[in-house]
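The values are calculated or read from the model by the stated rules, or taken from the named source; none is laboratory data. Values in this document were obtained by computation on a predicted structure and should not be read as measured data. Glycine gets a Cβ as well: all are built from the backbone with ideal geometry, and neighbour counts include every protein chain shown.
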Amino acid sequence: MGFLNKIFGKKNKEEATNLDFYNDREEEDVAFARKFKAGGGMFFYCENKEESLQYLHNILKNEDISEVLCVDPKLISMINLLDCNYTSHSTGDQDIALINCEYLVALDGSIMISSDQTYHLKKSDLPQKIIVWATPNQIITSSSVGLAKIRYAKKDKIPSNITSLHGNQVQGFSSVSNAKKLYLLLVEE
């Protein structure tokens, strides 16, 4: 089929049956991963929890981490499996933080977080290195979609301090003031 036919909508029967939500979803996944990595983030796709624990262990070992900042009880239970030192209170001395997120934004490769993940810590209170635990169903097209989903899902208790994390190479600049060294564990559940 020619390029102009694709633009103007002439489709054969085989192509029409292959156009479904999954294909659109796959494109968002690829777009997010490409832009996240281009922004300096390190992306680890994990088929299961065991694989994610192995990646987490390797990250902590390679970064020579002595203490992890982690405030989420689910993630704390994972750190306990690795027998790693952690704290749930930011003192500014932690080497790295382990958090989850609201959404992964395909448009710019950023990670949307809120006070629900940081337990009211500001982005500036988080260490310069952050490991984010997420699932593929958290990938969305844009920040505005994420904000709309948050408003809809949490209408009775909208979190404060909704912000985005960017890698330390965002938009080709290596010294963005709020940029972090980001690791993403994208875990199939």
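Checked against the criterion of being of a type in the set (Ser, Thr, Tyr) and modelled with pLDDT under 95, the candidates 52, 66 yield just one match: 66. If you go through segment 110-148 and keep only what is under 12 Å from the mean Cα position of the chain (by Cα) and assigned to a helix (DSSP H, G or I), you end up with 117, 136, 137, 138.
For segment 95-105, the condition holds for at least one residue, the condition being that it is in contact with a Ser or Thr (Cβ under 9 Å, 6 or more places away or on another chain), closer than 24 Å to residue 58 by Cβ and among the charged types (D, E, K, R). In segment 33-45, the residues that are closer than 11 Å to residue 180 by Cβ reach residues that are of a type in the set (S, T, N, Q) and not in a loop (DSSP other than H, G, I, E, B) with C-beta atoms within less than 8 angstrom, at least six apart or across chains, in these pairs: 39/110; 39/171.
Taking the conditions (1) touching a Cys at 6+ places or on another chain (Cβ under 9 Å); (2) modelled with pLDDT of 95 or more in turn, residue 78 satisfies each one other than (2). Inspect all residues belonging to segment 95-109 and state whether any of them is among the hydrophobic types (A, V, I, L, M, F, W, C) and assigned to a helix (DSSP H, G or I). Checked segment 95-109: no residue is among the hydrophobic types (A, V, I, L, M, F, W, C) and assigned to a helix (DSSP H, G or I).
Just to verify a result, which residue in segment 38-90, among those that are of a type in the set (Lys, Arg) and under 17 Å from residue 187 (Cα atoms), is surrounded by the fewest Cβ atoms within 10 Å (Cβ to Cβ)? Across segment 38-90, the extreme among qualifying residues is 74. If the condition is being at pLDDT below 95 and closer than 24 Å to residue 51 by Cβ, then segment 138-189 contributes 165, 167, 180, 181, 188, 189.
Those residues that are over 26 Å from residue 62 (Cα atoms) and within 13 Å of the chain's Cα centre (by Cα), I need them from segment 149-167; list them, please. The answer is 163, and nothing else.
Here residue 160 does not fit the description of being in contact (Cβ under 8 Å) with a residue 12 or more places away in the chain, part of a strand (DSSP E or B) and of a type in the set (Ser, Thr, Tyr). Would you confirm whether or not segment 37-50 contains a residue that is assigned to a helix (DSSP H, G or I), farther than 26 Å from residue 140 by Cβ and out of contact with any strand residue (DSSP E or B) (no Cβ under 6 Å at 6 or more places or on another chain)? Yes, because at least one residue in segment 37-50 is assigned to a helix (DSSP H, G or I), farther than 26 Å from residue 140 by Cβ and out of contact with any strand residue (DSSP E or B) (no Cβ under 6 Å at 6 or more places or on another chain).
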